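Take a look at the structure below.
The values are calculated or read from the model by the stated rules, or taken from the named source; none is laboratory data. Just so it is clear, the structure is predicted and the values come from calculations on it, not from any experiment. Please note: Cβ atoms are built from the backbone with ideal geometry, for glycine as well, and neighbour counts cover all protein chains shown. The protein model used for the area step is the full one, side chains on, heavy atoms only, and it has no ligands, DNA or RNA in it. Shrake-Rupley method; radii C 1.70, N 1.55, O 1.52, S 1.80 Å.
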Amino acid sequence: MEAIVTAILLGIVEGLTEFIPVSSTGHLILASELLGYSAETWATFNVIIQLGAILAVIVLYWRTFWTVATGLFGWQQGAVRFARNILVAFLPSAILGVILIDQIELLLENAWVVAVALILGGIAILVIERLVKPADIEPGVSAMPVRTALGIGIIQCLSMVPGVSRSGATIMGALSLGVERRTAAEFSFFLAVPTMVGATSLSIVKHRDELTSGAVDWSLIAIGFAVSFVVAVVVIKAFIGIVSRYGFGPFAWYRIVAGVAALAWLAMR
């Protein structure tokens, strides 16, 4: 029963934090520490349930994905540019992820890194929000120049440090490069699909012996997957409205407060 509760809690944390700029991986690590769970034991679980949140993007934006897929067969320029931009932005993290997977997994066990990254990331968001110029790129993923997509992809690589936030890095990178808020957020959603599918696939391959030996409880993964999917659907729907009205400042301040609280708690353990 305790394991089921853990799976549900981690699924909620994943769904709540995957698409907002507060770092889902960082929160999963802190949740494991705070509740007394072994981050190493639940590491594979945490990676795989991210696919539940990714499925939420596919379900909510299925018309966009369908339009792009069918447009590619007819070589329609809008669909081609959309796919090109996602692919170009995905490649930097894909290449570095393969090269640095062992180093990345070591960081996944360090809650101190998460706490510091939360604080620094929050400060970075506040600075970027204040300094960023009005968007000079036409709204829409298809309208984005390829060099902008590549720049966002390179900046996304910072999120390999737990606590930085994949969505935060891509959204702030996009804003810095002249992309308007809604497009930046949606580009982050779309880019999450190949990025997280790739990261999960890499983790599954690396830990295939563990996954096939019976050491992993697939029923718990199914629970976490389902919970993260449902919660992510709600969060994605709300996120665009919050950002359009209030910007990213509230998430920045949350990061700073959460990071300071985490450092204090870790120091007193």
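Quick rundown of the values:
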| read-out | value |
| --- | --- |
| Helix 166-176 axis, angle to the chain major axis (alpha carbon atoms, nearest 10°) | 30 |
| Mean accessible surface per residue for the chain, computed with a 1.4 Å probe while every protein chain stays in place, in Å² | 48 |
| Rg(Cα) / (2.2 N^0.38 Å) computed for region 174-269, rounded to two decimals | 1.45 |
| C-alpha center-to-center spacing [region 71-112, region 176-195] in angstrom | 12 |
| Correct option for volume of the Cα convex hull per residue in Å³ [calculated from the coordinates] among (i) 121; (ii) 156; (iii) 139 | (i) |
| Gap separating the Cα centres of region 1-30 and region 135-161, nearest whole Å | 27 |
| Only Lys, Arg (+1) and Asp, Glu (-1) charged, at Cβ; region 78-146 dipole about Cα centre in debye | 300 |
| Sequence-separation-based contact order of region 120-253, relative, with Cα cut under 8 Å and 6+ spacing, percent | 32 |
| Surface share of carbon and sulfur [accessible, 1.4 angstrom probe, percent] for region 12-167 | 70 |
| Percentage relative contact order, region 1-119, counting C-alpha pairs under 8 Å, at least six apart | 28 |
| Overall form of region 35-186 per C-alpha gyration tensor (a/c, 1.5; a/b vs b/c) | oblate |
| Computed over the chain: relative contact order in percent, which uses C-alpha pairs under 8 Å that are six or more apart | 37 |
| For region 1-114, diffusion coefficient by Stokes-Einstein and Kirkwood Rh (Cα), 10 °C, 1.306 mPa s, µm²/s | 97 |
